[in-house]
1. What does the helix-only formula give at 222 nm for chain B: each DSSP H stretch with n ≥ 4 adding -39500 (n - 2.57), the total divided by the residues, and the result rounded to the nearest 500 deg cm²/dmol?
2. To the nearest 20 Debye, how big is the dipole of the stretch A:456-601 about its Cα centre, given +1 on the beta carbon of each Lys and Arg and -1 on that of each Asp and Glu?
3. Suppose accessible area is computed on protein heavy atoms with a 1.4 Å probe; arrange A:Ser73, A:Ser391 from highest to lowest.
4. What does the charge add up to near A:Ile720, with Lys and Arg as +1, Asp and Glu as -1, over the other residues with Cβ less than 10 Å from its Cβ?
5. Considering amide H positions built from the backbone, and no H for Pro or chain starts, which residues 5 or more places from A:Met526, or on another chain, come under 5 Å of its amide H?
6. Please compute the Kirkwood hydrodynamic radius over the stretch A:474-613, one decimal place, Å, based on all pairs of different Cα atoms.
7. Within the stretch B:40-135, which trypsin sites (Lys or Arg not before Pro) sit in a loop by DSSP and count at most 14 neighbouring Cβ atoms inside 10 Å?
8. Write down, largest first, the equivalent ellipsoid semi-axes of the stretch A:180-336 in whole Å, where each equals the square root of 5 times an eigenvalue of the alpha-carbon gyration tensor.
Amino acid sequence: MTAEPKLLVKGWVPPKLDRPFTVVGRRINRRDAVEKVCGKALYANDIHFPGTLYAKILRSPHPHARIKKVDTSRAESVPGVKAVISRNNFKDWYTYWYKIPQPGFPEIVLYAGHEVAAVAAETPEAANEAVGLIEVEYERLPAVFDVEEALSECSPVVSYSDVVVPEGPFYATDKPPVRNVWGGGPAVLSRGDVEKGFEEADVVLERVYTTPFQHHGTLQTRTCVALWEGGRLTLYDSCQGIWQAKEDLALSFRLKPEQVRVIVKYMGGGFGSKSGAQRYAHYAAALSMLTGRPVRLELTRAEEFLSHPRRPAAKFYLKSGVKKNGRITAVWGRVLINAGSGGAYKPFKHDAILHPFYLYDCPNVHLEQWGVLTNLQFTGPTRSPLNIISSTAFESHVDELAAAIGMDPLKFRFMNYNPYADPVKKTRFSAKNLDKAMQAVCEEIGWDSPQRQHNGRYRTGRGMAVYMFHGVGFHPYEANAEVVVKPDGRAELRMGIVDIGTGSATTMAMVAAEELGVNLEDVDVMYGDTDGTMYAPGSHASRVIPEVGPAVLKAAAEAREQLFAALADKLKVAPSELRSERGFIYLKEDGRPLLSFREACRIANVEIVGRGSRAPNPGPYPRGGETSAVNFATFGATAAVVEVDTWTGKVRVVRCATAHEFGRVLNPKLVESQHYGGVLFGIGYALYEGAVHDKKTGIMLNADLLNYKIPTTLEMPEEIVCINIEAEDPYFAYSAKGGAEGINSAVPAAIRNAVYDAVGVWVNDFPIIPERLLRELEKMGSRDAV
Amino acid sequence: MVLKTSVEVELKVNGSLRKAKVNVYTTLAELLREKFGLTGTKLGCNRGECGACTVVMDGKPVYSCMVLAVDADGSEVLTVEGLSAGEGLHPLQKLFIEHDALQCGYCTPGFLMSLTALFQSREKITLEDIKHSVAGVVCRCGAHPNILRAAAEYAGLR
Ligand code: FES
Ligand code: FES
């Protein structure tokens, strides 16, 4: 490390560590592993209180309907039923997501699965029976599911007409200026003159790529237990952001934030879907407030598929010009995002076009992203939300451009590589080493000496793709952390985050131990509870390491300085002469320890509480490169070797290498697990996953884990090589940035490009199911007749 | 004819004899989780699609959500809580931790129990056996490469 840290923390910025790392960079096992392998980890489903009621939600069977009447009388008379809520008694009530209101029980339901009523009863059986006895009079309305139909003049309008829309249309607005378009028009990024660019081109290609709705498929179905007691709501939840859930619930029920406590110790997968307070938790809370009893609400697997905000599907139109010498002269793109009937769209309004805008050095670019509303379920953050859409479409397109002029795709990417954020204004990223990542993955799979098999039934090929992910400390959250050092020498790190399985509790403890100069075993961690911790971002958008990391580092450094100050007094030295390492205190110039850290705490005999806060990144939102001096993102690449069975159309990923720019890897063992998770999500997106909806009714036809295929041990590649690109980035704790997201983004295009290399056909509709691949092969005329 | 609704069952769970009164439609998973408080067995779908609820019943891996408690009467069941009974962790559990074969941990009991059934079934185990034995358990976090490493090491394959 050479440069001084520029951590975006409040107040004093700790100087860089003046010694080699002792904890950071080691392969440490995750802290909660023993509980997990012994079945002792208590997830929300495992928490039970005496007197618990069971809740069940009634959902609309229609994709678009006006609710004329809800009759709950028969349901209420079922023995054991304690409360029924619906429009009748909860009329102008809103649930909140990211602080944005959504009607709790809308008059107009916008998708099949929209909540209509909820019941709490003594047994799950009674709750189920009661839900079945609620009589609802629906007036069915015409519905629209396809993005292009939704944009046409004669489309039904997807909107809650009973709502005066608070501004910030995270969901369908009342009167969209253009039919069913979020925000009334597209988000646009452009530079130069595309028409001129097309004139200069030797080849102009026009293509359309489609990508599916991807579901998170968290293995734990959403479950919570809500407890209203003594004027306080406690929610044992499965959510990624306890502080955000607390805020949302307080808004929904007009409570003071201190009246809400959210606890999530263990969670069975989130991948973005469980950020903040989710709708289902609001119903449980409402029922608990009505009955004064603990209420447990557990969604079924089918409800998971039908109701949680999934990744939007997309249709990406691209037209690009390229010169024979390999230079891209123009890119024009329009992506139609099927945002369903609402959810969280605003934060993603540019995200499917950032990649083509920033990654390539092309002077003439015009890109539009349209968020289109349809009568399908909500959409929202999903591991690399729209990044995977842009990488899948554009990295596919890039290979076609390279092929059109007969150039090697890797060479083509290097030729058009943009080291800047904005290539015209020459603004910079805090760090960008995508070139190294591309080189590394391709070397790993033997790009130039592939053992390709181009004859016979089974054929092999290799492909690559790149991505950028901008979830590195952006708007709007503040991160806080506290490090308390007790007189016995043990430290306690307190953070308001959830460890959703990425190992955040472990990595953050490592930062605290490193900065304090103690052994990792001497750091306890308190997290997953809004009581006893300070505000922190949710564990989504790969925020924890880049945002909470600096706050933890600062808190630990402050605690250390407090100890040194007290100790210096007693030892008659200046605090600046002291340093700590591996649980011992040294005089800076001396190699021998003066005393142990524990002894030092005893002697110092003061209360030590270090605090750290990190503000969001400076610069405009979204995190574009146009105006701010420094921009933040992570980058990476994937290369894959696939085998195609030309008879059945099946594709198997044989090997795959992923490289991600972490800045610094805090714990290689945990980081590898993130690579694997990314590969699994990417392979699913490329080859197997996608919601199938009935064209006429919009009903999802594969809302189960048999027909919605998630890769298993049989589909995962035999070999996955994880490459961590490490390079200094002074804005983050020891340069460390996250990597839960990003990695999956380039996997689909790498696979699809490898399929081309193997069999010579481009598949532009994802997932590449056998039917689609065989159709392309047939077009090429390479199948024998039987 | 009087329809039976509530029945007394008795089975051996993790070595000890347990009794409970159950409904005819109660599943083994519900019996374990709700009556016996053994919540280590997880439910991910409650309909035989995900494998999270896998336990070893009379030496075979079963989806406990697909077995009725009345049909488990008289059987011997091993759950994840029974793996480490007695002195410390089971070697397979240790290997799972060492190889980080878990992330969120929700699928972990299912993988551990499927593998336990496999390893109990015969002496010689290949990597293919391992792969197939856990192909019926879903892990959305993508712990598979590490799960295979842990299992292969346990089987003496590496
Ligand atoms: S819960 Fe039994 S197979 Fe999913
Ligand atoms: S570790 Fe999360 S599902 Fe397997």
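The values are calculated or read from the model by the stated rules, or taken from the named source; none is laboratory data. What you see is a predicted model; the values in this text were computed from it and never measured. Reconstructed Cβ throughout: ideal geometry from the backbone, glycine too, with neighbour counts over all protein chains shown. Only protein heavy atoms, including side chains, enter the accessible area calculation; ligands, DNA and RNA are left aside. Shrake-Rupley method; radii C 1.70, N 1.55, O 1.52, S 1.80 Å.
1. -8000 deg cm²/dmol
2. 800 debye
3. Largest to smallest exposure gives the sequence A:Ser73, A:Ser391.
4. -2
5. A:Leu493, A:Arg494, A:Met495
6. One decimal place: 15.1 Å for the Kirkwood radius.
7. B:Arg122, B:Lys124
8. Working from the Cα gyration tensor, I get semi-axes of 48, 17, 13 Å.
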